[in-house]
Amino acid sequence: MDKPTLVIAICGKGGVGKTSISAMIVKLLSEDGNHRVLAVDADPAVGLATALGITVRKTVDDIRNDLIRRVENGNQVNKTDMISMLDYEMFSALEEHHNLAFLAIGRPEKEGCYCQVNHILKDIIGSISDNFDIVIIDGEAGIEQVNRRVMEKVSHLILVSDTSAKAINVAKTIKKVSADSIDYEKSGLILNRLRNQEEWQKLTLGPELDCFGWIPEDDTIRSADMEGKSILEIEDCPAFKALKKCWAEIEKS
Ligand SMILES: Nc1ncnc2c1ncn2[C@@H]1O[C@H](COP(=O)(O)OP(=O)(O)OP(=O)(O)O)[C@@H](O)[C@H]1O
Ligand SMILES: [Mg+2]
């Protein structure tokens, strides 16, 4: 039997480096060409698309909003037609380059309960994911939105924080809340943007969080972002080397 899909969700306070770390994980796990990797951008600002140099033509919410508009305009759509239409549209929204595919969730326009559509979309994301070895989800700050709109079960919940007490507390809160809201197998923290080893040694995290390691402040990442350069094209910089170490820890845990 095929190995089950590894689903990695990346969460943490705003601006701490979730998208940069998600993009580096995508780079690390897709570049040997041996795994089919799906990158999911669950942030309405579609930062992961930019970090990977991908142009988003259609998001899951474009598809959802189109369907809702049709129903609101009085078009009758029966459930079977709805499922096959959404299924077709979702596969057409996947951007594929060799062994790496990309899906953007987007931003819902319509408030209110369109539960049936949301459930169908979540089911389709689940069945698309089953075709991949690894799924990496760059979330908005919290895990609730990933759970509500993308997936209810992940294998790895990776929390990202910088050295600020505020961001570490947000990571702790997400961990606490996620215990009830999402099903995960492993969870731990990656600390980002440390200036040196001493900073790492000085940090006290408390018993709530396991730490997979730390990533240094690295101008390669900042400059790539400033220049709109894809993280997939960066060289073996200190941040990427550190990310590889963190990944080795995650695999061991
Ligand atoms: N290790 C690093 N070294 C230097 N700069 C970094 C590092 N990690 C992230 N950055 C920079 O910090 C900024 C925020 O990073 P990023 O967009 O990855 O954060 P985010 O958590 O995804 O933010 P948001 O919550 O807005 O989605 C970016 O300018 C990025 O280039
Ligand atoms: Mg981001």
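Values quoted throughout were computed directly from the atomic coordinates according to the rules given, and no laboratory measurement underlies them. Since the structure is predicted, the reported quantities are computational estimates derived from the model, not experimental observations. Positions of Cβ are generated from backbone atoms using ideal geometry, with glycine treated the same way; all protein chains shown enter the neighbour counts.
Have a look at CYS237, CYS211, CYS115 and tell me which one the Gaussian network model of the chain (Cα, springs below 10 Å) gives the largest fluctuation.
CYS115
From the convex hull of the Cα coordinates of the chain, what is the mean projected area in square nanometres?
About 14.3 nm², averaged over all directions.
Counting Lys and Arg as +1 and Asp and Glu as -1, what is the net charge of the other residues whose Cβ lies under 14 Å from the Cβ of SER155? Walk me through the numbers on the way to the answer.
On the way: positive: LYS3, LYS153, LYS186; negative: ASP130, ASP133, GLU152, ASP183, GLU185, GLU251.
Within the 14 Å Cβ shell, the charges total -3.
Average projected area of the Cα convex hull of the range 112-195, in nm²? Each step should come with its number before you reach the end.
On the way: hull surface 26.7 nm².
Computed as one quarter of the Cα hull surface, the answer is 6.7 nm².
Rounded to two decimals, what is the ratio between the C-alpha radius of gyration of the range 54-149 and 2.2 N^0.38 Å?
The range 54-149 yields a ratio of 1.09.
In terms of modelled amide H atoms, which long-range or inter-chain residues lie less than 5 Å from the amide H of LEU6?
Excluding prolines and chain starts, which carry no amide H, the hits are ILE134, VAL135.
Would you work out if the range 1-67 is rounded, prolate or oblate? Take a ≥ b ≥ c from the square roots of the eigenvalues of the alpha-carbon gyration tensor; rounded if a/c is under 1.5, else prolate when a/b is larger than b/c, oblate otherwise.
oblate
Looking at the range 133-222, which trypsin sites (Lys or Arg not before Pro) are DSSP coil and have at most 15 other C-beta atoms within 10 Å of their C-beta?
ARG195
Once both axes come from the Cα atoms, what is the angle between helix 115-129 and the longest principal axis of the chain, in degrees from 0 to 90, rounded to 10?
It is inclined by approximately 60 degrees.
Students often get this wrong: which residues of the range 39-73 have the backbone nitrogen under 15 Å from the point 7 angstrom along Cα-to-C-beta of SER230?
39-40, 48-57
Taking the Cα centre of the range 58-192 as the origin, how large is its charge dipole in debye, to the nearest 20, when only Lys and Arg (+1) and Asp and Glu (-1) carry charge on their Cβ atoms?
Roughly 500 debye for the range 58-192.
Modelled label-to-label distance, THR5 and LYS186, 7 Å Cα→beta-carbon offset: nm?
If labels sit at THR5 and LYS186, their model points lie 1.9 nm apart.
Rounded to the nearest 20 Debye, what is the dipole magnitude of the chain about its Cα centre when Lys and Arg each give +1 and Asp and Glu each give -1 at the C-beta?
The dipole of the chain has a size of about 540 debye.
Which of CYS211, MET24, PHE91 sits closest to the plus end of the dipole of the range 6-252, meaning its Cα is farthest towards the positive end, when Lys and Arg get +1 and Asp and Glu get -1 on the C-beta?
Positive-most Cα among the choices belongs to CYS211.
So which GluC sites (Glu not before Pro) in the range 74-165 are both in a DSSP loop and have at most 13 other Cβ atoms within 10 Å of their Cβ? Don't jump to the answer; show the numbers that get you there.
Values: sites: GLU89, GLU95, GLU96, GLU109, GLU111, GLU140, GLU144, GLU152; in loops: GLU109, GLU111, GLU140, GLU152.
Filter output for the range 74-165: GLU109, GLU111, GLU152.
How high is the relative contact order of the chain, given as a whole-number percent (alpha carbon pairs under 8 Å, six or more residues apart)?
Value for the chain: 29 percent.
Which of HIS98, HIS156, HIS119 moves the most in a Gaussian network model of the chain with Cα springs under 10 Å?
Highest fluctuation among the options: HIS98.
Can you pull out the GluC sites (Glu not before Pro) in the range 158-253 whose DSSP state is coil and whose Cβ has at most 14 other Cβ atoms within 10 Å?
Qualifying residues, ordered by number: GLU208, GLU235.
With the cut-off at 22 Å, tell me which of the pairs LYS166/LYS244; LYS186/LYS244; LYS166/LYS202; LYS27/LYS245; LYS27/LYS176; LYS175/LYS229 have Cα atoms farther apart than that.
LYS166/LYS244; LYS27/LYS176; LYS175/LYS229
As a footprinting exposure proxy, order MET226, MET85 by other Cβ within 10 Å, with the fewest listed first.
Values: MET226 9, MET85 16.
Least to most surrounded, the residues fall as MET226, MET85.
Using a Gaussian network model of the chain with C-alpha springs under 10 Å, which one of MET82, MET151, MET24 is most mobile by mean-square fluctuation?
Largest GNM mean-square fluctuation: MET82.
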